Amino acid sequence: VKLVESGGGLVQPGGSLRLSCAASGFTASMYPMSWYRQAPGKERTLVASITSASGSTSYGDSMKGRFTISRDNAKNTVYLQMNSLKSEDTGVYYCHARLFQNVYWGQGTQVTVSS
């Protein structure tokens with residue numbers, strides 16, 4: 001099982017980024033997938049999740065209306081579209097997969113929101 005994030009970078013406040021999480025070793029559509037964020041000096045927190053069966057989505061309170069999690073089953077990839085970015089969105093974004101009792105993390109991708 002491997003998760004590889006990409007798409008991070010430096011963006012100005014109000015800008016947008018799309019993060020990708022390429023999964024291998026399993027079928028991502030069959031398991032719940034999530035994005036987490038870890039800001040400097042803070043704990044890792046949940047950003048968004050997508051379920052396996054119905055593809056229902058959920059978001060952290062501060063992300064609702066700005067972030068969208070989605071999945072491309074053909075590419076075995078999960079995305080996080082982030083709009084109207086704020087400085088407080090700065091952090092390392094991690095892809096997360098839960099396969100029954102096992103949890104897997106990607107290496108993370110840095111997002112910096114700054115003018």
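Find the accessible area per residue for the chain; the probe is 1.4 Å, ligands and nucleic acids are left out, and the unit is Å².
52
Residue 90's amide H: which non-local residues (gap 5+, or another chain) put their own amide H closer than 5 Å, with H modeled 1.01 Å from N in plane and none for Pro or chain starts?
When sequence neighbours closer than 5 places are left aside, the close amide H contacts are 113.
How many lysine pairs are close in the chain, with Cα atoms under 25 Å apart and the two 8 or more places apart or on different chains? Working shown, then result.
Numbers: 2/75; 42/64; 42/86; 64/86.
Counting lysine pairs in the chain gives 4.
Count the net charge of all other residues whose Cβ sits under 10 Å from the Cβ of residue 79, scoring Lys and Arg as +1 and Asp and Glu as -1.
Around residue 79, the surrounding residues sum to +2.
Measure off, as a whole percent, the carbon and sulfur share of the 1.4 Å-probe accessible area of the chain, all protein chains present.
Percent of accessible area from carbon and sulfur atoms in the chain: 49.
To the nearest 10 Å², what's residue 58's accessible area with a 1.4 Å probe?
60
Whole-Hz Karplus ³J(HN,Hα) for the range 69-85, in order, using 6.51 cos²θ - 1.76 cosθ + 1.60 and θ = phi - 60°, x for Gly and Pro?
Using θ = phi - 60°, the values come out as 9, 8, 9, 10, 5, 5, 9, 6, 10, 10, 10, 9, 8, 10, 10, 6, 5 Hz.
Counting Lys and Arg as +1 and Asp and Glu as -1, each charge on the Cβ, what is the dipole of the range 4-114 about the Cα centre in debye, to the nearest 20?
Its charge dipole is roughly 80 debye.
Let's test this: bin the Cα-Cα distances of the chain at 10 Å from zero up to the farthest pair and state each bin's percent.
P(r) for the chain, in whole percents per bin: 15, 51, 29, 5, 0.
The values are calculated or read from the model by the stated rules, or taken from the named source; none is laboratory data. These figures come from a predicted structure and were not determined experimentally. Counting neighbours? That spans all protein chains shown, and the Cβs are built from the backbone with ideal geometry, glycine included. For accessibility, only protein heavy atoms count, side chains too; no ligands or nucleic acids. Shrake-Rupley method; radii C 1.70, N 1.55, O 1.52, S 1.80 Å.
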